[in-house]
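S.K.: Attaching a single structure in structure tokens format; questions to follow.
The values are calculated or read from the model by the stated rules, or taken from the named source; none is laboratory data. Everything quoted here is computed from the prediction, not taken from an experiment. We place every Cβ from the backbone using ideal geometry, glycine too, and count neighbours over all the protein chains shown. For the accessible areas, the whole protein counts, side chains as well, though only heavy atoms, and no ligand, DNA or RNA atoms are used. Shrake-Rupley method; radii C 1.70, N 1.55, O 1.52, S 1.80 Å.
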Amino acid sequence: TMAGLARPVQHEINNLLTVIFANLEMLKRTAAEGGPQRQLDRVAEAARRFEASSRGFLSLSRRPVPGLSAFTLGEALVAVRPLLVVLMPAPGMLAVEANPAEGWAVRMDRALLDEALIALAREAGEALPRGGVLSLSASNRPGPPEAVELAVRWPADVALPATGTLRGIVRDAGGSVEEGAEDGAAFLRLALPRSAADAPE
């Protein structure tokens, strides 16, 4: 039921936000400099945060059921990103670099991946210092063997035990884990084998 309602609810929210943003733009053209402009900027920022929050909650209702499936990591990261943004206490604390249209498919339990990323973002939101960033990216690794890499970076002086869940599900899916630190940042490079269904014949 929730999944069925997600699309019309998102459509209604988009319609309302279109009205809000259009009227804000008109007001900004006539508002005096200084305080009035800053107030309108705050309203616009609040509307953008509301949009991200609603997308996050609605994406949660559309999360896949547990089970193995083939998908690209870029597709998974872009789909869960709005929810991860909601879990961060300030804008700019999450960086996601992924393109759903590019990248090889992997085969694993996507619901478990989503849960691990949500747990990681929740923990990072509480542990990262002001100005700290949790970075997630997905890219192909030509190999051999061909693999898809999920890279995670965060400030080196912050402990994120939730990364253990990510390491576990990657190993369970036949992948490998490399971890370390460089340039003041801790990193995980999680390599997942390219799905046979996606490989050229």
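S.K.: Relative to the present Cα-Cα distance, how much length would full extension add between Asp183 and Ala101 at 0.36 nm per residue of separation?
M.R.: Stretched fully, the Asp183-Ala101 segment lengthens by 26.5 nm.
S.K.: Report the label-to-label distance for Arg49 and Ile20 in nanometres (one decimal), using points 7 Å from each Cα along the Cα→Cβ vector.
M.R.: Using points 7 Å along Cα→Cβ, the separation is 1.1 nm.
S.K.: Now for a separate question. Label the stretch 37-125 by shape, choosing from rounded, prolate and oblate, from the square roots a ≥ b ≥ c of the eigenvalues of the Cα gyration tensor; if a/c is under 1.5 it is rounded, and otherwise prolate applies when a/b is larger than b/c, oblate when it is not.
M.R.: prolate
S.K.: Sorted from largest down, give the three principal axis spans of the alpha carbons of the stretch 95-160, whole angstrom values.
M.R.: The Cα atoms of the stretch 95-160 stretch 38, 23, 21 Å along the principal axes, largest first.
S.K.: Additional query: Taking the Kirkwood radius as the inverse of the mean 1/r across Cα pairs, report the Rg/Rh of the stretch 1-61.
M.R.: 1.13
S.K.: Separate question: For the stretch 135-195, divide the Cα radius of gyration by the Kirkwood radius and give the resulting Rg/Rh value with two decimals.
M.R.: A ratio of 0.98.
S.K.: In units of 2.2 N^0.38 Å, what is the alpha-carbon radius of gyration of the stretch 83-201?
M.R.: 1.07
S.K.: Considering Cα pairs under 8 angstrom that are at least six residues apart, work out the relative contact order of the chain and quote it in whole percent.
M.R.: Relative contact order for the chain comes out at 17 percent.
S.K.: Could you check how much of the accessible area of the chain is carbon and sulfur, as a whole percent, using a 1.4 Å probe?
M.R.: 56 percent
S.K.: Hey, what's the stretch 1-122 come to in accessible area per residue, 1.4 Å probe, Å²?
M.R.: 58 Å²
S.K.: Per 10 Å bin, what percent of the C-alpha pairs of the chain does each bin hold, from zero upward?
M.R.: Binned Cα distances yield the sequence 8, 30, 31, 20, 9, 2, 0.
S.K.: I've got another one for you. Which length gain, in nm to one decimal place, applies between Ala90 and Ala156 when the Cα-Cα distance is subtracted from 0.36 nm times their residue separation?
M.R.: Full extension from Ala90 to Ala156 adds 21.8 nm.
S.K.: Considering only the other residues whose Cβ falls under 15 Å of the Cβ of Glu12, what net charge follows from Lys and Arg at +1 and Asp and Glu at -1?
M.R.: After counting each charged neighbour, the total is +1.
S.K.: Rounded to the nearest 500, what is the chain's calculated 222 nm mean residue ellipticity when only DSSP H runs of at least 4 contribute -39500 (n - 2.57) each, over all residues?
M.R.: -17000 deg cm²/dmol
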